[in-house]
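Everything on this sheet refers to the single structure shown next.
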Amino acid sequence: MVPDDVVTEQFPEDSEPEIFVPDHQLPGVWANWARLNYSKHEFTIDFVRIDPFANVGVVVARVSGSELFLTHVLDAMTTLWQDLMRRSLPPEVDNEDA
């Protein structure tokens, strides 16, 4: 069972950071393409929206982080993906109860 919130790092309950999203970022952004790059000490992901009617794209968000952070993101995304697949497939495909 996937936790309600899959995060990249666990904090003790009494010191969990308060996270907020500024009003102008609440709608989020739409990306339909990504470019990943890395150097010796960090990685960068450019999230891009490619215009479906023209051969042009714009970076809507850029995220950079350490190699350790990338492993945490990958683990969290894998957990979420597996839960999505488990919920999307017919119950008889999920052999957890077998």
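The values are calculated or read from the model by the stated rules, or taken from the named source; none is laboratory data. Note that this is a predicted model, so its numbers are computed, not measured. All Cβ positions, even for glycine, are placed from backbone atoms using ideal geometry, and neighbour counts span all protein chains on display. Ligands, DNA and RNA are stripped out before the accessible areas are found, and what is left, the full protein with its side chains, is counted by its heavy atoms. Shrake-Rupley method; radii C 1.70, N 1.55, O 1.52, S 1.80 Å.
Structure notes:
- Output for region 29-42, where each listed residue is touching a residue at least 24 places away in the same chain (Cβ under 8 Å), assigned to a loop (DSSP other than H, G, I, E, B) and closer than 23 Å to Asn55 by Cα: Val29, Trp30, Ala31
- Taking the criterion of being of a type in the set (Gly, Ala, Ser) and free of Cβ contacts under 8 Å to residues at least 24 places away in the same chain, the residues of region 43-72 that qualify are Ala54, Ser64, Gly65.
- Hits in region 10-28 - residues which are closer than 21 Å to Leu74 by Cβ and either aliphatic (A, V, I, L, M) or surrounded by 10 or more Cβ atoms within 10 Å (Cβ to Cβ) (or both): Ile19
- Among residues of region 78-98, those that are without any contact (Cβ under 8 Å) to a residue 40 or more places away in the chain and in a helix (DSSP H, G or I), counted: 10
- Residues satisfying the stated conditions in region 37-62, i.e. closer than 24 Å to Val7 by Cβ and either surrounded by 10 or more Cβ atoms within 10 Å (Cβ to Cβ) or in contact with a Phe, Trp or Tyr (Cβ under 6 Å, 6 or more places away or on another chain) (or both): Tyr38, Glu42, Phe43, Thr44, Ile45, Asp46, Phe47, Val60, Ala61, Arg62
- Residue selection: Phe47 satisfies the criterion of being of a type in the set (A, V, I, L, M, F, W, C) and out of contact with any Asp or Glu (no Cβ under 9 Å at 6 or more places or on another chain).
- When residues of region 68-96 are limited to those that are open to solvent by 60 Å² or more (accessible area, probe 1.4 Å) and among the polar types (S, T, N, Q), the one nearest to Phe43 (Cα to Cα): Thr71
- Any chance Gly65 is surrounded by 12 or more Cβ atoms within 10 Å (Cβ to Cβ), in contact with a strand residue (DSSP E or B) (Cβ under 9 Å, 6 or more places away or on another chain) and over 21 Å from Met77 (Cα atoms): no
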